[in-house]
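Data first, discussion second: the structure below is written as structure tokens.
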Amino acid sequence: MLDETPKRFDRIVAILIQLQSKKIVKAQELADRFDCSLRTIYRDIRTLEASGVPIYSEAGVGYALMEGYRLPPVMFTREEISSFIAAEKLMQKFTDPSLGTHHASAMYKLKSVLRSADKDWLSNIESRVVMQTAEPMFNDNSPNTLAVLFEGIAEKKQILLTYKTFDKDETTQRNLEPVGVFHDNNNWYFLGYCHLRKDYRQFRTDRIQEIKKTEFDFTIEHDALETYLTKTETCPRTKVRILIEKKIARYLTHERKYHGFVSEKEIGDKIEMHFMCRDIENGFPRWFLMFGDYAEILEPQILKTKVLELLEINKKRLL
């Protein structure tokens, strides 16, 4: 029979670290992380309590450490150090300059507790890891976009936004209550309640010209971000079927998910792809033209019509 003592010791230490990371930690959250039963978690919590760790619990809420209790500095494994490198490189390229500066400061503090051998190991790797972005994700005039959004969300304060729309060469000012931030298709977005439109709207960070936090509190109690994103996903969609040559189909694996990809099947030397498309008027026909000479539209007719219209416009401009 295998000795479970080392495994249990590591889990108990990890539970203690996680209790320090959040104000409240639910037992189910711990059970999910360590892939064990709630009974095991309850037993480990009792072990921590018996060793003198001041933990208080509230039925139906979770566990928390008494205010002021702190775990002494811990050592990191080299696998954990590797994750720091990836996180640092991502922060340098995929966040705004303001948030990136704060993260760099935190990384200096983290690196300061490493052993000398691990510092050398880290230096040898970090210079050989590069993250690249296709286009800027933030406007130069608004270098603190994410930092302001995070503050607004955490403090439940409205933000004042100057925004440039994609289809119009004009800017508008709006008072918003930021609900959440998400990254999709190589761009940062945030969703917020717009006082101008009296509804929830989605904004892309690279189109933000200026942003600042106000002293006005939220006027609405908002649901979790996932709630609104799920509602967006349930908006009306159009069924699309295309037939495409195999040699081209493999290059669409990444992009197709942004156009509502559902499934595919082989038909001879071709692949039939099935989509539930949200933008049959513009997005999908323009994407289809990128590889249209290797593909055939099976349905719907409106997609064929839209593609023909775009081809006709291009034909006139080229002649």
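The values are calculated or read from the model by the stated rules, or taken from the named source; none is laboratory data. Only a predicted model underlies this, so the values are computations on that prediction, with no experimental measurement involved. FYI the Cβ positions are ideal-geometry reconstructions off the backbone, even for glycines, and counts take in every protein chain you see. Please note that ligands, DNA and RNA were not included when accessible areas were found on the heavy atoms of the full protein model with its side chains. Shrake-Rupley method; radii C 1.70, N 1.55, O 1.52, S 1.80 Å.
Within region 48-58, can one find any residue that is of a type in the set (A, V, I, L, M, F, W, C), out of contact with any Leu (no Cβ under 8 Å at 6 or more places or on another chain) and surrounded by 11 or more Cβ atoms within 10 Å (Cβ to Cβ)?
no
For region 111-139, which residues satisfy the criterion of being assigned to a helix (DSSP H, G or I) and surrounded by fewer than 16 Cβ atoms within 10 Å (Cβ to Cβ)? If the condition is that a residue be assigned to a helix (DSSP H, G or I) and surrounded by fewer than 16 Cβ atoms within 10 Å (Cβ to Cβ), then S112, S116, A117, K119, D120, W121, S123, N124, I125 are the ones that fit. Of all the criteria given as (1) touching a helix residue (DSSP H, G or I) at 6+ places or on another chain (Cβ under 6 Å); (2) modelled with pLDDT of 85 or more; (3) open to solvent by less than 50 Å² (accessible area, probe 1.4 Å), the one not satisfied by L38 is (3). Taking the numbered list (1) in a loop (DSSP other than H, G, I, E, B); (2) within 19 Å of the chain's Cα centre (by Cα) in turn, D206 passes all entries but (1).
Listed by position, the helices (runs of 4 or more DSSP H) inside region 225-306 whose residues that are within 24 Å of the chain's Cα centre (by Cα) and either surrounded by 13 or more Cβ atoms within 10 Å (Cβ to Cβ) or polar (S, T, N, Q) (or both) number at least 2 are 225-233, 283-288.
Checking region 69-92 against the condition returns a match, with at least one residue being in contact (Cβ under 8 Å) with a residue 24 or more places away in the chain, open to solvent by 40 Å² or more (accessible area, probe 1.4 Å), more than 27 Å from A14 (Cα to Cα) and not in a loop (DSSP other than H, G, I, E, B). For region 173-190, filtering for residues that are at pLDDT 85 or above and open to solvent by less than 40 Å² (accessible area, probe 1.4 Å) leaves 10.
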